[in-house]
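Q: Please find one structure pasted underneath; my questions will follow.
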Amino acid sequence: MATLRFVVLCIALFAGVANAHGYYRPTGLPEGAQLGDSCTPRGQPRRCGEATLLGRTETELGETDGIEGPNVCRVSKMYMQQTRSYTYQEFCYRSRFGGRRCFTDCYATNQCNGTMVNFTKNSTDCCDGFAQGEPMEPEAGAAGESFGFFRRYKNRNSLRTEGCPVMLRENVMDCLNELALNEFLTETDLLPDIVERFESGTDPITVFGLSNEAFAGLDDITRALLFSEISRETTISAHIGEGSVPENRLFNGQLIQTLASNVSLHIGKTGNRTVKVFYVNGVRISQPNACQARNGVVHIVDDVLPFSSATINDVLTQQSSRFSTFQQLAEEADIAELLDVPQKSRTVFAPTNDAFDPDFVDCLLEDGNERYLSTFVLIHISYPAEFTTTLSERKYVPTFTYWSLKVTSTDEGVSITNDNILIDDTDIPARNGVIHAIPNIIQPFTDRQLEQFCPGITATMEPTTPPIIVEPEVTPDPDGIPPGGVVVPPESVGV
């Protein structure tokens, strides 16, 4: 037995020495092949890059296919896509007995210059020129394209029973004329590029068309400001979203990019599963899906949408006479950038400068108090964008800390926290959310915590009730941005 072990050890040592001196040669290459030669992998080659749509065919379905509703088609889309190139490559590793062990195999390179492959995707959808009637589950997406088994089943079942009874108009311009949005059309007729977009059949859009009543509610000065020769294009463009977003694709917290430069619209939702009310930048959509066309959809709103191309951080800077202290704290906590991301949806309850005790501000900015500073700033930030029309319907709103803020709506207005801090100035729009000005700070710390990191500060501050703790876990950020630093946990759940 000892002799056998000795022989094995000698063989291993020899292999290691041979490896070290380059005697070991890679194996696995077919006869005549060399490293770097192209090859075909075992199994399906991986595709890369975007697929090119080669063609699309529709076959109308009927009762024999289990479809009861009208205008439902089986859609077959053929794509062409390139595959990754594959070559014979050498891979080496360190053997535990010493030396290197190498092998070769057919592996994908980082280049997309392999062969072209064709493939077909089949789905069930509305026939060309038709759309569904009643909306489905908001987050479910388009028919036949949703994710998750139950949503997919709901969509398929909805198509089978309801079908696609809505005939699409040729273009959005036909919709606007049919809806007789005369005042809105009068303004858009002065913008040739917008008219061309309405009539184009290539780039889909979502129009939040202003009703005639919306224009009737404007005084002469406001109308002159919004629809002057200088501002008309920006105002109209801010009411037109990129892509077609019918009612069944609207959901709470959704961002819609508009044709106006750096302007986004925020969708809010109230109601329940059976009765849903949608808002855009706080304005109710009075007639969702008022008309659907081949190149988009028209929703009717009865008021001009408030909008801004500035981020929340920019707005705080522009109104520094009111919010400079809060913005300073956000910058010192490295949280200002969280308010500067344009593709997010935020609500900021911004205390005005008069709400702050100077001693408390100095304490938060002291070295060693970074966690407390982050917690203080983050408890004033919620998500998604909640204008007062939707905020007033909430009971609690989450923050980026352990706490959710209690919301109370009365005849006086909307208040937050157990101390009923009444929002002074509501619905200050921003590209990435909305700001509500409040006259008091939201205090997340108990007197004992304050005495611990700010000795003597409680004597100079009004007592406050800590916010509601809904769950003893940090509220996650649905947009994937981590809270700016570690937050201070509450002393006990239910404080």
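Q: Under a straight-distance cross-link criterion of Cα-Cα below 18 Å, which lysines are reachable from residue 344, leaving out those fewer than 8 residues away in the same chain?
A: Of all the lysines, those that pass the test against residue 344 - Cα under 18 Å, at least 8 places apart if same chain - are 269.
Q: Of the GluC sites (Glu not before Pro) in the stretch 192-241, which ones lie in a loop per DSSP and count no more than 11 other C-beta atoms within 10 Å?
A: Answer in residue order: 229.
Q: Just by accessible area at a 1.4 angstrom probe, what is the order of 107, 93 from largest to smallest?
A: 93, 107
Q: Let me ask another. Would you kindly calculate the translational diffusion coefficient of the stretch 219-308, applying Stokes-Einstein with the Kirkwood radius from alpha carbon pairs, for 4 °C and a viscosity of 1.567 mPa s, and quote it in µm² s⁻¹ without decimals?
A: So the translational diffusion coefficient is about 93 µm²/s.
Q: If each Cα of the stretch 25-71 is one equal point scatterer, what is log10 of I(q)/I(0) from the Debye formula at q = 0.19, 0.23 Å⁻¹?
A: Debye curve over Cα of the stretch 25-71, log10 I(q)/I(0) at q = 0.19, 0.23 Å⁻¹: -0.86, -0.94.
Q: Shifting gears a bit: Apply 1/(1 + (r/R0)^6) to the Cβ-Cβ distance of residue 115 and residue 161, taking R0 = 41 Å, and write down the FRET efficiency to the nearest 0.05.
A: The value I calculate is 0.40.
Q: For residue 77, list the lysines whose Cα falls under 27 Å from its own Cα; do not include residues on the same chain fewer than 8 positions away.
A: Cα-Cα hits under 27 Å: 121, 154.
Q: Okay, next question. Could you give the semi-axes, largest first, of the ellipsoid that matches the stretch 78-122, computed as the square roots of 5 times the alpha carbon gyration tensor eigenvalues and rounded to whole Å?
A: 36, 10, 6
Q: Cα gyration tensor of the stretch 280-344, axes a ≥ b ≥ c as square roots of the eigenvalues: rounded (a/c below 1.5), prolate (a/b > b/c) or oblate?
A: prolate
Q: Using a 1.4 Å probe, what is the accessible area per residue for the stretch 185-295, in Å²?
A: Accessible area per residue, the stretch 185-295: 45 Å².
Q: Okay, next question. Of the accessible area of the stretch 372-449, with the probe set at 1.4 angstrom, what percent is carbon plus sulfur?
A: Reported share for carbon and sulfur atoms: 40 percent.
Q: Considering the alpha-carbon set of the stretch 59-138 alone, what are its Rg and its Dmax in angstrom?
A: My reading of the Cα-based Rg and Dmax gives 24.8, 72 Å.
Q: Follow-up. What distance in nm lies between label points placed 7 Å from Cα along the C-beta direction at residue 286 and residue 53?
A: My value for the distance between the label points is 3.5 nm.
Q: So what's the gap between the Cα centers of the stretch 413-463 and the stretch 180-241, to the nearest angstrom?
A: Taking the Cα centre of each part, the stretch 413-463 and the stretch 180-241 sit 39 Å apart.
Q: Which peptide among 36-46, 436-446 comes first, and what is the full order, when sorted by highest mean count of other Cβ atoms within 10 Å?
A: 436-446, 36-46
Q: If you average the C-alpha positions of the stretch 351-412 and of the stretch 288-341 separately, how far apart do those two centres end up, in angstrom?
A: The stretch 351-412 and the stretch 288-341 have Cα centres separated by 18 Å.
The values are calculated or read from the model by the stated rules, or taken from the named source; none is laboratory data. Keep in mind that what you see is a predicted model, and the values were worked out from it rather than measured. A quick note on method: Cβ atoms are made from the backbone with ideal geometry, for glycine too, and the neighbour counts reach across all protein chains shown. All accessible areas refer to the heavy atoms of the entire protein, side chains included, with ligands and DNA or RNA removed. Shrake-Rupley method; radii C 1.70, N 1.55, O 1.52, S 1.80 Å.
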